[in-house]
Structures are given as structure tokens and as C-alpha cells.
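**Q** Submitted below is the structure of interest, expressed as C-alpha cells.
Nothing in this text is a laboratory measurement; each read-out follows from the coordinates by a stated rule. Quantities reported herein were computed from a predicted structural model and do not represent experimental measurements. A quick note on method: Cβ atoms are made from the backbone with ideal geometry, for glycine too, and the neighbour counts reach across all protein chains shown.
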């Protein structure tokens, strides 16, 4: 019998469940290694060589090299682990979270200061809120309609 | 005997810790947050606990994917502030209370909660930011936190996290455990994390002020009903990381009115502010 996963219809959201965790084990453990200053230095000196020391998939390595956190998450990454890459790059949590929306840093910060992203339209896939697939990427980067 | 006299609830946003550590608390962005805790710092001074039982979650710091305990109680004599990738926070070492912690561990396990017992771990912003908010800025070398702390880590990183109901029942077991300890100790129990926030994907930055405040109303007035809130409601309404709020129900379950309906509790402080970085800040103090 399949497991109950009532969270699959939440737009713009990947829940880090046991299945994602299994997929992302080596990716997340690589991230964990960046908590040591010496490892951060080795990674920065030669990212590809450092990544090749880990039993990650090629796609996971490409996602890390591209610093595409949405891609990392699809391949099993979890934001608290991925945050170690951001820390290595000198990025704040707000910069990391904002990078996943397509908004510029200023646009994302302004949204938060104005009270954050609205819930209306963003509860279920298929509504019309700004987190829905058809409205990506967000902000000025969004391709103009027609 | 030992007794729980109060519970404190607060968000534990890492950027709040950074604002304190970098001396930014008076900047216009942060001022409203810290003003919201001024009363609470005075309250801490006026109502000093002997021990703080601090419920928080580890954010891939002490626990990697090698080991994911649902509930972990710290029984060590001390805990070092962790290097989460930006260097350790410049705050004092956290002193534990091994005697009370191991007493609670034994009692709670005998009440059918299968705790993991931890004798060595670093503590991250989940634990140190609430302490800084409530106790103020302290010198890492010259100062000390006002009392020993028992860290209680809950898995809210890998789904499924424990249910609100499980957390609420655990709080009740912790209360019994504390009350069966012979020494006369004044214990505070703190629940931390939340409120609405999402740190991932196209929905990052989600805030739900209405839902947060309705949840707070219910948690204060009818915690048993609040504990029945299913996981999916937190995820959908308060964001994927808003699910941290289940930890508040552990502290709430330990309050006197849950064990005895006729025992009144009082709300000493309630505060809500948006934003701190990606997050809605919520804060409560309840007294028995």
C-alpha cells in the first residue's frame, strides 16, 4: 500500500520526506562536510574535485556547481543542509531562500518587508498565486505575457 | 519538589542571532523585534528559573542524515555553541543539568516515550537564539547564561515529524517527570521555532498572519484542540518550515491547566511581528 502523502499538491514546495532523504543522502552529507573550515577551503579551491570525492549522482553535482537550490532540492537536497553551501559562499538564509523564487535580492527583501508572500492562491496547485508554476520565475525576471 | 512555573514560546530565526552578534539590534529593521522582547527580558530577571527545559530543533548541525532522532534529550554537563558554517555564535557555553535531565529521561521513557539520550552535542541557533532573545547580549567568556539548560531536540527536518498530539502528550509526561524530582527547583519550559515561514522553492517567503494568530488563540485557550491540527495544515497554511510549531505544543502540554482544568494560567506576554528575514516572529509567556 502506498504511503499517504497529502503534501504533494502544495505549489512550489518539496517536502523532505523519507524518500527524498534516501535520494539525497550523499548530497546532504557532502553539504554537512562544509561545516568544517578546512573542508570549505578545499571545496572552494576545486569544487569539481571535492564533489568527486562523494558518491553523489552527476546531476546532484551539476546542481551544486550551478548553485541552483531548486534543482538541488529536486534531487533530494534539504534546505538546512544546502544552507552550508550558502554559508560557504557567504550568503544569508534570506539570499538563499530568495534565489529559489527567481526574484532579485531586493525584490524578495521588499516582499518580506511588505508582510511576506500572500497565502491566497498559494495553497493548492492549480490556483493563481505567485508561487504557481505558470508564474515562474517571479519578479522582473518573469517573461512578459504575450 | 521541582515544579514548572511558566512556559515561554518564541521563534528562533538565525538572522536574529546574527543581528545581536553583529550589533544591529538598533537598526530600524530589527528595532521592532527587540522591542517586542524588552518586557520579556525584564520578566526573566524578575522570575529567574533554576533550570530551563528548552525544546528546539537541530538544523542539520549536531544530527546529519546519519542519525535522525525524533526526540533527543541532552543529559550532558555542557554544550558548545555550534559552527553552522558562519563560525560559532559568540555566546557563552550552555551549562546543562545532568541530574534533572537524566531523571526526566528515565521518567518519560517509563511513560512510553522512547527518547534518545544525548551526552555530547553542539547546540545551534535553535537553542541559542531564544536564550539571547530572553537573556540579552552576553560576553562569551566573561558572562554566563542565567541558569542551566536542558536541551530537548525534536526532529522537524525530515518528514514526518512527530504529530501535534504526540508533542502535547509528551509535554504532559515531562510535567509529571519534573514534579517527581525531589529537589525544590523552579523550572521553565520553552517551546521554540515557527511561526509561519517557508525557506524553499517558488513559495519561499510565505507568511500567514491570520492563520498564525488564530493558531495562537487556540493554543492558549484550547490546546487539546490545537494539538489535533494535522501536519498538512501547517505545511499548507504556515509553510513547509512552519511545521516547527508542533514544538510549542510540548511546552503547552506541560502547563498546569492541562493536568487540572480548574488551575488557571495567565498570559504574561504576547507578541507578533513580520518579518525577521524569511519568518513571522511569534512570542508568548504563560504562567501557571
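**Q** Going from the alpha-carbon gyration tensor of the stretch B:93-136, what semi-axes, largest first and in whole Å, does one get by taking the root of 5 times each eigenvalue?
**A** 25, 11, 11
**Q** Write down the radius of gyration of the protein assembly as shown and its Dmax, each obtained from C-alpha positions, in Å.
**A** So, for the protein assembly as shown, Rg and Dmax equal 21.0, 74 Å respectively.
**Q** Still on this model: Taking the DSSP beta bridges in the protein assembly as shown as the whole, what percent of them are antiparallel, to the nearest 5?
**A** The antiparallel fraction comes to roughly 45 percent.
**Q** If I build a Gaussian network model for chain B, linking alpha-carbon pairs within less than 10 angstrom, which residue out of B:70, B:61, B:45 has the largest mean-square fluctuation?
**A** Sorting by GNM fluctuation, first place goes to B:45.
**Q** Please arrange B:58, B:257 by counting, for each residue, the other beta carbons lying within 10 Å of its beta carbon, fewest first.
**A** Details: B:58 27, B:257 14.
Ranked by crowding around the Cβ, least crowded first: B:257, B:58.
**Q** From Cα pairs below 8 angstrom and at least 6 apart in sequence, can you work out the relative contact order of the stretch B:74-160, rounded to a whole percent?
**A** Once divided by the residue count of the stretch B:74-160, the mean separation gives 40 percent.
**Q** Also, I was wondering about something else. For the pair residue A:106/residue B:111, report the inter-label distance in nm, with labels modelled 7 Å from Cα in the Cβ direction.
**A** Spacing of the two 7 Å Cα→Cβ label points: 5.5 nm.
**Q** Can you work out D for the stretch A:5-146 in µm² s⁻¹ from Stokes-Einstein, where Rh is the Kirkwood radius over C-alpha pairs, the temperature is 10 °C and the viscosity is 1.306 mPa s?
**A** The calculation lands on 97 µm²/s.
**Q** How big is the antiparallel share of DSSP beta bridges in chain B, given as a percent to the nearest 5?
**A** Working: 19 of 40 bridges.
DSSP beta bridges in chain B are roughly 50 percent antiparallel.
**Q** Let me ask something else about it. What relative contact order, as a whole-number percentage, does chain B give when Cα pairs under 8 Å and 6 or more residues apart are counted?
**A** Details: 630 pairs, mean separation 88.3, N = 288.
Relative contact order, chain B: 31 percent.
**Q** For the stretch B:3-278, what does the convex hull of the Cα positions come to per residue, in cubic angstrom?
**A** 128
**Q** List the equivalent ellipsoid semi-axes of the stretch B:170-211 in whole Å, largest first, each obtained as the square root of 5λ for an eigenvalue λ of the Cα gyration tensor. Intermediate results must be reported in sequence, preceding the final value.
**A** Numbers: eigenvalues 284, 18, 17 Å².
They are 38, 10, 9 Å, listed from largest to smallest.
**Q** Right, something else. Over the Cα atoms of the stretch A:18-90, what radius of gyration and what Dmax do you get, in Å?
**A** In Å, with Rg to one decimal and Dmax whole: 10.9, 33.
**Q** Shifting gears a bit: Which order results if B:255, A:1 are arranged by neighbouring Cβ count within 10 Å, fewest first?
**A** A:1, B:255
**Q** For the stretch B:1-138, what Kirkwood radius comes out of the mean inverse Cα-Cα distance, in Å?
**A** On the way: mean 1/r = 0.0612 Å⁻¹.
Taking every pair of different Cα atoms in the stretch B:1-138, averaging 1/r and inverting gives 16.3 Å.
**Q** On a full-extension model of 0.36 nm per residue, what is the gain between residue B:272 and residue B:66, subtracting their alpha-carbon distance, rounded to one decimal in nm?
**A** Values: separation 206, 0.36 × 206 = 74.16 nm, distance 3.61 nm.
Roughly 70.6 nm would be gained on extension.
**Q** For the stretch B:40-99, what D do you get in µm² per second when you plug the Kirkwood radius from alpha-carbon pairs into Stokes-Einstein at 4 °C and 1.567 mPa s? Before the final figure, lay out each step's value.
**A** Working: Rh = 14.0 Å.
Stokes-Einstein gives a translational diffusion coefficient of 93 µm²/s.
**Q** Please compute, for peptide A:115-124, the average count of beta-carbon atoms on other protein chains lying within 10 Å of each residue's beta-carbon.
**A** Average neighbour count from other chains, rounded to a whole number: 6.
**Q** May I ask you to give the average projected area over all directions of the convex hull of the Cα atoms of the stretch B:136-182, in nm² rounded to one decimal? Write out the running numbers ahead of the final one.
**A** Numbers: hull surface 22.9 nm².
Over all viewing directions, the stretch B:136-182 projects a mean Cα-hull area of 5.7 nm².
**Q** When only Cα pairs under 8 Å and 6 or more residues apart are kept, what is the percent relative contact order across chain A?
**A** 26
**Q** Per 0.36 nm of contour for each residue apart, how much would the distance between residue B:80 and residue B:29 grow if the chain were fully extended, relative to their Cα-Cα spacing?
**A** Answer, rounded to one decimal: 15.4 nm.
**Q** Right, another one. Could you work out the mean count of beta carbons from other protein chains within 10 Å of each residue's beta carbon in A:75-85? Mind dumping the intermediate values first?
**A** On the way: counts 0, 1, 1, 6, 10, 13, 5, 3, 7, 5, 1.
For peptide A:75-85, the averaged partner shielding equals 5.
**Q** Would you mind giving the mean number of other chain beta-carbons within 10 Å of the Cβ of each residue in B:190-202, as a whole number?
**A** Working: counts 0, 0, 0, 0, 0, 0, 3, 4, 10, 10, 18, 15, 19.
For peptide B:190-202, the averaged partner shielding equals 6.
**Q** Let me ask something additional. Beyond 20 Å, how much of the Cα-Cα pair distribution for the stretch B:222-282 remains, as a whole percent?
**A** So the portion of pairs separated by more than 20 Å is 38 percent.
**Q** Counting other beta carbons within 10 Å of each Cβ, put B:89, A:22, B:3 in order, fewest first. Mind showing how you got there, number by number?
**A** Details: B:89 22, A:22 10, B:3 14.
Arranged by neighbour count, lowest to highest, B:89, A:22, B:3 become A:22, B:3, B:89.
**Q** Could you work out how far apart the two model spin labels at residue B:222 and residue A:37 are, taking each label as a point 7 Å from the Cα in the direction of the beta carbon, and quote it in nm?
**A** If labels sit at residue B:222 and residue A:37, their model points lie 5.4 nm apart.
**Q** Stretched out fully, how many nm does the piece from residue A:58 to residue A:4 gain, at 0.36 nm a residue minus the Cα gap? Write out the running numbers ahead of the final one.
**A** Details: separation 54, 0.36 × 54 = 19.44 nm, distance 3.03 nm.
Using 0.36 nm per residue and subtracting the Cα-Cα distance, I get 16.4 nm.
**Q** Compute the Rg to Rh ratio over the stretch B:123-268 from the alpha carbon atoms, using the Kirkwood formula for Rh, and round to two decimal places.
**A** 0.98
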